[in-house]
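Asks: This is the structure, below, for whatever I ask next.
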Amino acid sequence: MIHFVLLIVCAVAIYLSCEWFVNAVEWLGERLNVGKMAVGTILAAFGTALPESVVTLVAVTTGATDEAKDIGVGAAMGGPLALSTIAYGVTGAMLMLKRRKERIAAGPGATPAGARKEEALGSAADMKRLAKDQKWFLPIFAVKVTLGLVAFAFKPVLGLLFFAAYAVYFWREIRGGDDDEDEGPDLEPLKFQPKAASPSTWAVAAQTALTLVVIFFASQLFVKQLDAIGPMLGLSAAVTALLLSPVATELPEIMNAVIWVRQGKTQLALANISGAMMIQATVPSGLGLLFTRWDFDAALLWSGLITMAAIVYLLLTMRAHRLTPARLTVAAGFYLVFALGLIPILT
């Protein structure tokens, strides 16, 4: 029973910490003078992905056996899978719920702005920008999966190329400037200084750092509770690690997206997910290549194929400017396909 209670407590702690984190990171972006979308793709994504990358680093560098190090490989594959399916799906569901509430609030026969059922998520320019992120991710991830199927002497050195790829992406996002269209309301007052029109830089930095610490420890405790609850529900350790743990480790990114959707900042929510995916496709992969065999089994290969299928689906809808909340929600169905495909693999 205690594990279920702790699970709920951790989930609440992660949500509240993320609410304070997105509040701080928007002010941090304003202090650093970066573009609005870079707040999602770089600052927020880097902050919430950093704890997971640290966990991967510890696993691949201190693991006593190859099996222990392979935990880091599984995390490097599970993160992008959860983000490209569950995270996008939850965001789509939240958008559908938000638009439904707007229609109800507008009254019978009214169609409030942004509440039309089939309205695309943003302008053609917005979709082009989001599609660009997916086009960065897909080839990098495809190379990542391919390297897991082959063996050659200098394969570990290629891990450095993944760090370089993220460095280029990082530079592109930061250099993008502040030419993004305004979205949603102005910055909310900083939680640490709610009465200040322009909070102190130290307060912005302190709130960002403190919330990241809480997110890190709450996420790790959340994963430990899932590891304990899995066997209680009759799930094997392998199923728990491949199905539940990735969702838990990406919970901060999912919470960020939910909060930004609630605030009417859809593009920031989507940018946060795509930015986190870029980190997950490069940094943990580079670490895995440098310190492990990077040898995929059937389950890891299956997770890679499903991730790429989900991204191709999203990329096609984005490029056609047909990405609606309902179509975004469909992305979560790919995770169900992954779960069903694991049954014959693990049995």
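Asks: Out of all the residues in the stretch 312-345, which are in contact with a Gly (Cβ under 9 Å, 6 or more places away or on another chain) and either part of a helix (DSSP H, G or I) or of a type in the set (D, E) (or both)?
Replies: P325, A326, R327, L328, T329, A331, A332, G333, F334, Y335
Asks: Follow-up question, since we're still on this one. Assess whether L138 counts as being part of a helix (DSSP H, G or I), modelled with pLDDT under 85 and within 22 Å of A167 (Cα to Cα).
Replies: No.
Asks: Another one. Identify, please: which residue in the stretch 292-311 is in a helix (DSSP H, G or I) and without any contact (Cβ under 8 Å) to a residue 60 or more places away in the chain and is, among those, farthest from K155 (Cα to Cα)?
Replies: Looking at residues that are in a helix (DSSP H, G or I) and without any contact (Cβ under 8 Å) to a residue 60 or more places away in the chain, I get A309.
Asks: Turning to a different aspect of this structure: Only one of these is assigned to a loop (DSSP other than H, G, I, E, B), more than 29 Å from D126 (Cα to Cα) and at pLDDT 90 or above: Q193, Q207. Name it.
Replies: None of the other options fit; the residue is Q193.
Asks: For residues in the stretch 232-250 being among the small types (G, A, S) and assigned to a helix (DSSP H, G or I), which is modelled with the highest pLDDT?
Replies: Looking at residues that are among the small types (G, A, S) and assigned to a helix (DSSP H, G or I), I get A248.
Asks: Looking at I42, I104, can you tell me which residue is of a type in the set (V, I, T) and within 16 Å of the chain's Cα centre (by Cα)?
Replies: I42
Asks: Taking A75, is it aliphatic (A, V, I, L, M), surrounded by 18 or more Cβ atoms within 10 Å (Cβ to Cβ), at pLDDT below 85 and out of contact with any Leu (no Cβ under 7 Å at 6 or more places or on another chain)?
Replies: yes
Asks: Shifting gears a bit: Considering every residue within the stretch 251-266, establish whether at least one is modelled with pLDDT under 90, over 26 Å from V34 (Cα atoms) and not charged (D, E, K, R).
Replies: No, the conditions are met nowhere in the stretch 251-266.
Asks: Determine the pairs where a residue that is under 15 Å from V261 (Cα atoms), located within the stretch 320-333, has a partner that is surrounded by fewer than 19 Cβ atoms within 10 Å (Cβ to Cβ) and not aliphatic (A, V, I, L, M) with Cβ atoms under 6 Å apart, the partner being 6 or more residues away or on another chain.
Replies: Short answer, once both residue conditions are applied: T324/E118.
Asks: Looking only at the stretch 167-176, decide whether some residue is in contact (Cβ under 8 Å) with a residue 40 or more places away in the chain, over 19 Å from F291 (Cα atoms) and loosely packed, with under 14 Cβ neighbours inside 10 Å.
Replies: Among the residues of the stretch 167-176, not one is in contact (Cβ under 8 Å) with a residue 40 or more places away in the chain, over 19 Å from F291 (Cα atoms) and loosely packed, with under 14 Cβ neighbours inside 10 Å, which makes the answer no.
Asks: Further question: W20 is checked against (1) more than 15 Å from Q263 (Cα to Cα); (2) of a type in the set (A, V, I, L, M, F, W, C); (3) surrounded by 18 or more Cβ atoms within 10 Å (Cβ to Cβ) and fails just one. What number does that condition carry?
Replies: (1) is the only condition that W20 fails.
Asks: On to the next question. What about L28, is it over 11 Å from M255 (Cβ atoms) and surrounded by fewer than 22 Cβ atoms within 10 Å (Cβ to Cβ)?
Replies: Criteria met by L28.
The values are calculated or read from the model by the stated rules, or taken from the named source; none is laboratory data. Everything numeric in this text was worked out from a predicted model, so none of it was measured. Counting neighbours? That spans all protein chains shown, and the Cβs are built from the backbone with ideal geometry, glycine included.
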